[in-house]
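> Have a look at this one.
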Amino acid sequence: MSDTDGFIEEVTEEVRRDKMFDLYRRYGWIAVAAVLLLVGVAASNEWQRAQARTDSEALGDALVAALELDSASDRSAALQKISVVTADGEAIVRLLTAAELVSEDRRQDALAVLNSIDENPDVQTIYRQIAEFKALVISAEIHDSEDRRQGFKSLIDSGSVLRLLCEEQLALIEIDAGERDAALMRLQTLLQDSEVTPGMRRRVSQIITALVATPGAAQTDG
């Protein structure tokens with residue numbers, strides 16, 4: 001390599017360094033800002049997780065304290081005083097409150113609480129579906145059986161995880177309506193479902209036996 005070539009290469013390298021330095025000076029703050037942003041997001045996420053954990057623990061302690069009270073009226077009153085920061089947390093408290101109100105035979109009040117959950121779009125679908133299911137169950141003495149039947153069918157059609165419980169309730173409605181064969185067919189189908197739980201299997205078998213039929217047997221006219 002000649003002295004001239006070496007000199008040109010040295011100048012070229014110097015120009016390259018100058019350009020890199022100029023680019024860093026002009027745009028380096030973007031990289032710094034990006035790093036700071038990433039650190040800030042990580043710290044924020046960690047703080048939010050810690051805060052959510054703290055809030056959940058506080059809610060759990062409050063629920064346990066309320067549910068340990070002696071009477072249903074005391075429990076429902078204590079539950080209604082619990083302060084919750086999330087829509088889902090509020091839904092859980094309201095579901096428990098509704099259960100205590102039913103224990104006090106205050107079905108209308110319980111229905112109002114359950115409907116407030118179902119009508120809140122900020123609550124996760126599963127909690128809203130549980131509230132709707134509970135409302136349909138406890139309204140047996142208030143609402144027409146056909147309305148309740150359509151309500152359970154609507155939950156099933158929505159793909160709810162409560163599908164099997166809805167099928168069980170539909171069978172009970174059919175029994176009340178004197179539709180014994182339809183109820184037995186539905187109950188026998190439930191027993192064959194791969195998702196049926198042991199507890200439900202026992203309940204369904206007991207209902208089938210009470211209807212003077214054999215659990216798991218093919219249905220015939222009777």
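> Taking the full set of protein chains and a 1.4 angstrom probe, give the accessible area of residue 130 in square angstrom, rounded to the nearest 10.
The accessible area comes out at roughly 50 Å².
> Work out the FRET efficiency for residue 147 and residue 126 from their Cβ-Cβ distance, taking R0 = 22 Å, and round it to the nearest 0.05.
0.45
> Can you give the translational diffusion coefficient of the range 140-213 in µm²/s, computed by Stokes-Einstein from the Kirkwood radius over Cα pairs at 20 °C and 1.002 mPa s?
Values: Rh = 12.6 Å.
Diffusion coefficient, whole number: 170 µm²/s.
> Could you check the spin-label model distance between residue 191 and residue 105? Points 7 Å from the Cα along Cα→Cβ, value in nm.
Once both label points are built, they end up 3.7 nm from each other.
> Using 1/(1 + (r/R0)^6) with R0 = 41 angstrom and r between the beta carbons of residue 80 and residue 154, what's the FRET efficiency to the nearest 0.05?
Values: r = 29 Å, r/R0 = 0.71.
The formula returns an efficiency of 0.90 here.
The values are calculated or read from the model by the stated rules, or taken from the named source; none is laboratory data. Nothing here was measured: the structure is a model prediction, and the numbers come from that model. Ideal geometry is used to build each Cβ from the backbone, glycine not excepted, and the neighbour counts take in all protein chains shown. Protein only, heavy atoms only, side chains kept; ligands, DNA and RNA dropped before computing areas. Shrake-Rupley method; radii C 1.70, N 1.55, O 1.52, S 1.80 Å.
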